[in-house]
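Structure record follows, encoded as C-alpha cells.
Quick note: the coordinates plus some simple rules give every number you see, no bench work behind them. In this text, all values refer to a predicted model and were calculated from it rather than measured experimentally. Cβ: placed from backbone, ideal geometry, glycine included. Neighbour counts: every protein chain shown.
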Amino acid sequence: MHRPLLVLFCVFTSAIVASAQAYRATATFGYTATFLVNSPATNLIFTPADQDSGSMYVTGSRFVGAQSGIVFRYTQALDEHERWFLPVGIEAIFFRGKQRQENLIYIGRGQVSADMYTATVGLHYRFADLPLAQTFLYAGIEPRLSLVTGPEIAYTVSEKADNRVIAEFSFDTTLKPTVVRFGGALRIGAQGVLEDKVLINVNIAWGAFNLIGRDSRTTDPQRRGNLLTPTRIFETNEPIEQFVQFSLWIQYPF
C-alpha cells in the first residue's frame, strides 16, 4: 500500500508545479509545536505492578505538551494575483516523553522517543487582506505522507537507598517497526512582511497522521497497536492519531 500512495503523492505534486507559471515563490524555514489530541501516547510511561515491586509495565509514551519540530517549505504562487498557493515541504517532529516514579524501595525512570518525517503538499487560498504590514489571511488543505519510527523506550530502576541500578528491571529497546502513514491537515494562518525580503508566517493546523495505512489487526502478536506508544499492552487495532500544530515560519521571497 505504501508505494502506490507515494507515487500518487509525487504525481500530484509534480502536476501542480508544472502548471504554475513564473509567479512569486518563497522559501520557508520555521518551528512547529505539535500537540496530540486525545491520544493514548499521552498516558503514563510506566505503572508499578504493585507497591513493593520494582517490576513495571509500559502503558504509554508521556508525549504531553508541545512536541518540537522543524519545517522546510517551498511555496509557489499559482496566479498573478497571488490568491492561490502551492506549498511543498518537509517536516520533522521529535516526540519525547519522560517520567520519574518511585515507591518505598525503588525509583523508576523512563524515557520514550519517536521521530516523524513528513512530506507535505497542499493548496492554500488567500481569502482576506489586512492593511498592517501587507498581511493577508489564508486557509488550505495539506495531504501528508509520514515516515514514523518505532518508539524507543529506555527504562531504568534503581534502589532508593544507594541509587544502585537493578539490571533485571532495566531495558532499552524498540518493540515496534518503522512505518509509513498517509494523513492530512487543515491549516489557517496569516502572512506579513517583517522587513524587506523577509516575511513572517504564523499559522495553526488540525489534522491526523494516519488516516490511511493503519494496522487493523487486533489479536496478531505482531500488530502495531497505537501509532506512537512503545508497547502493545492493552492495545488492539491502531486508532486515528489526531494533532494540533502551532507554527512560526520565516519566509524569503524570490
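With springs only between Cα atoms under 10 Å apart, run a GNM on the chain and tell me which of A208, A190, A128 wobbles the most. Highest fluctuation among the options: A128. Rounded to the nearest 20, the Cβ-based charge dipole of the chain about its Cα centre (Lys and Arg +1, Asp and Glu -1) stands at 280 debye.
Counting only Cβ charges, +1 for Lys and Arg and -1 for Asp and Glu, the dipole size of the range 50-167 around its Cα centre is about 200 debye.
Neighbours of I107, meaning other residues whose beta-carbon lies under 9 angstrom from its beta-carbon, give a summed charge of +1 when Lys and Arg score +1 and Asp and Glu score -1.
Over the chain, with a Gaussian network built from C-alpha contacts below 10 Å, which listed residue (S68, S39, S158) shows the highest mean-square fluctuation? Highest fluctuation among the options: S158. Histogrammed with a bin width of 10 Å, the alpha carbon distances of the chain distribute as 7, 27, 27, 19, 12, 6, 2, 0 percent, first bin at zero. Think of the chain as having a plus end and a minus end, set by charges on the Cβ of Lys, Arg, Asp and Glu; of P131, L248, A25, A25 sits farthest toward the positive end of this dipole.
If you stretched the chain out fully between S170 and L137, how much longer would it get, using 0.36 nm times the residue separation minus the C-alpha to C-alpha distance?
This chain segment gains 6.8 nm when fully extended.
Derived scalar couplings between HN and Hα for the range 234-250 equal 6, 10, 10, 7, 8, x, 5, 9, 8, 8, 10, 10, 10, 10, 10, 10, 10 Hz in order, rounded to whole Hz, by the Karplus curve 6.51 cos²θ - 1.76 cosθ + 1.60 (θ = phi - 60°), x for Gly and Pro. With a cut-off of 15 Å between beta carbons, the residues surrounding K176 carry a summed charge of -2, where Lys and Arg count +1 and Asp and Glu -1.
Rg over Rh for the range 99-198 works out to 1.30, using Cα positions for both radii and the Kirkwood form for Rh.
Once the other residues with Cβ under 9 Å from the Cβ of K98 are scored (Lys, Arg +1; Asp, Glu -1), what is the net sum? Walk me through the numbers before you get to the answer.
Working: positive: R62, R96, R100, R109; negative: none.
Surrounding charge for K98 is +4.
The angle between the Cα long axis of helix 2-19 and the main principal axis of the chain comes to about 20°, on a 0 to 90 degree scale.
Per the Kirkwood treatment, what hydrodynamic radius in Å, one decimal, follows for the range 32-168 from the mean inverse distance over all distinct Cα pairs? About 18.3 Å, per the Kirkwood formula over Cα pairs.
Compactness check for the range 165-243: Cα Rg over 2.2 N^0.38 Å is 1.69.
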